[in-house]
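These notes concern the structure reproduced below.
The values are calculated or read from the model by the stated rules, or taken from the named source; none is laboratory data. The shown structure was predicted, so the numbers you read here are calculated from the model rather than taken from an experiment. For neighbour counting, all protein chains shown are included, and Cβ atoms are generated from backbone atoms with ideal geometry for every residue, glycine included. Heads up: the accessible areas ignore ligands, DNA and RNA and are worked out on the full protein's heavy atoms, side chains in. Shrake-Rupley method; radii C 1.70, N 1.55, O 1.52, S 1.80 Å.
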Amino acid sequence: MSAVSNQVRDAGAIVPAVDAVTNGRALAVELAATAAGVGLFGLFVAAATGGSFGLAALGSLLFVICAGTGFNGAGIVLMDESAGAPRRAFVDALLAGLLAFGKAIVVLLAAGLAFLLALLAVALLLAICKIPGIGPVLFFVVFPLSAVVLGVLFVAFAFVLAPIAGPAIWSGESVGATLARVAMVVRKRLLGVLVRGCALFVLLLVAAMVLWTIAFSGTLATGSLSLAIVGVPFDLSGLSNLAGGVGGMGSPRYGYRGGAGGGYGLAMLVGAALIFATVGTLLSLVLKKGWCLIYLQVARDLDVSRVEAEMQARLAQVRAQAQAARERVRQQNLAARNAAGNPAATDADTPPAGGSGSRADAVRTRRDDER
């Protein structure tokens, strides 16, 4: 049986990822953190009604931090479940998610920098191919090799980085070990990750079809019954005054004092939003559980100690070169300042014109006298 057939056969092990919809702790972690982010964003945006861009930007930043913390916290809970590790408390999962979110940002920036360096290297090779005469011959070799390398890097960045780096961080790996593991997977087991990723994509499509059908059909049916029994009006435009104060909410038709208007409409609106947010979060859990299974099947048994040591050595070499360059520039700047502050010393150190010629004549005269 070929390697592709083996990978396709083993891809069926991704199916248990749908069990993530039953993990209440992971769902609570992600929903709670995201809800906190939405609340903070709304508060800061409401406070920035006077045109303060800084408050709106701060609210957006807090939302990203909360959402990233919830995403990674839920991933940690699912990784513990997949690996058979002890369950974490709710607060511990959130704190670990915040730390993992910071690591994920560093890994993403490092991977993006590596991709940019590869693009610059290819651009340099293409510039060398402009040499007259041998340029077309070099281009004949450089073009296909560069296309293959950039294609592999693009696939790795788009389809391998998240399924491997995310679970590696969730299992407690350092940034260096995570990058080394991603590099090893791209080098040795790229096909296995891609086949399992395709299987996870199909599984997500099926899960999304089922969950969204449940959400939409149930919401429409319950909404229709609510309109007939409770009397929730179709026109909920008065609810838009909620952000501006209680003036619009106190009207006879839409306010809470009016009974069947805005109170029921607001409850239905918030309930529908909660249903759709829950469905989206459940699909996110399925995705993360699939990543955890891919990582456990493909990448966990790889020995990345040697690769990590090489990466650390190269990083130390780059740091040493950067430090030497900074020191050289500092010495040059110091010499320039000294020269500008004491020009006489510089003139004294400079030998007079023709001085070396005069000394040569004197030596030649002494030799003639000795003869």
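For region 45-77, filtering for residues that are open to solvent by less than 30 Å² (accessible area, probe 1.4 Å) and either in contact with a strand residue (DSSP E or B) (Cβ under 8 Å, 6 or more places away or on another chain) or of a type in the set (Ser, Thr, Tyr) (or both) leaves 1.
Yes or no, residue by residue, for (1) loosely packed, with under 13 Cβ neighbours inside 10 Å; (2) in contact with a Gly (Cβ under 8 Å, 6 or more places away or on another chain); (3) modelled with pLDDT of 90 or more:
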| site | (1), (2), (3) |
| --- | --- |
| Met1 | yes, no, no |
| Ala13 | no, no, no |
| Val38 | no, no, yes |
| Gly42 | no, yes, no |
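Given the structure, is Tyr254 in a helix (DSSP H, G or I) and either open to solvent by less than 70 Å² (accessible area, probe 1.4 Å) or modelled with pLDDT under 90 (or both)? Give the steps one after another, and end with the answer.
Working: in a helix (DSSP H, G or I): no; either open to solvent by less than 70 Å² (accessible area, probe 1.4 Å) or modelled with pLDDT under 90 (or both): yes.
Here the answer is no, as Tyr254 does not meet what is asked.
Flag: Ala74 matches the condition of being assigned to a helix (DSSP H, G or I) and closer than 28 Å to Ala183 by Cβ.
How many residues does region 257-279 hold that are on the phi < 0 side of the Ramachandran plot, modelled with pLDDT under 75 and surrounded by fewer than 23 Cβ atoms within 10 Å (Cβ to Cβ)?
First pass over region 257-279, keeping only residues on the phi < 0 side of the Ramachandran plot: 257-258, 260-279.
Remaining after also requiring modelled with pLDDT under 75: 257-258, 260-262.
Keeping just the survivors that are surrounded by fewer than 23 Cβ atoms within 10 Å (Cβ to Cβ) gives 257-258, 260.
Qualifying residue count for the region: 3.
Restricting to region 176-190, name every residue that is surrounded by fewer than 17 Cβ atoms within 10 Å (Cβ to Cβ) and either in contact (Cβ under 8 Å) with a residue 24 or more places away in the chain or not in a helix (DSSP H, G or I) (or both).
So in region 176-190, the residues surrounded by fewer than 17 Cβ atoms within 10 Å (Cβ to Cβ) come out as 187-188, 190.
Correct list: Lys188, Leu190.
Being farther than 19 Å from Gly37 by Cα, surrounded by 20 or more Cβ atoms within 10 Å (Cβ to Cβ) and not acidic (Asp, Glu) holds for only one residue in Ala83, Ala118, Ala165, and it is Ala165.
Take Ala33 and tell me if it is more than 23 Å from Val193 (Cβ to Cβ), small (Gly, Ala, Ser) and modelled with pLDDT of 90 or more.
Numbers: more than 23 Å from Val193 (Cβ to Cβ): yes; small (Gly, Ala, Ser): yes; modelled with pLDDT of 90 or more: yes.
In short, yes.
Summed over region 121-144, residues that are loosely packed, with under 12 Cβ neighbours inside 10 Å and either within 23 Å of Leu190 (Cα to Cα) or touching a residue at least 40 places away in the same chain (Cβ under 8 Å) (or both) total 1.
The requirement of being at pLDDT 80 or above, open to solvent by less than 50 Å² (accessible area, probe 1.4 Å) and basic (Lys, Arg) is fulfilled somewhere in region 280-301, by at least one residue. Within region 50-72, residues that are within 25 Å of Ala96 (Cα to Cα) sit with their Cβ atoms under 8 Å from residues that are at pLDDT 90 or above and among the charged types (D, E, K, R), at 6+ positions apart or across chains, in these pairs: Gly70/Glu30; Phe71/Glu30; Phe71/Lys288.
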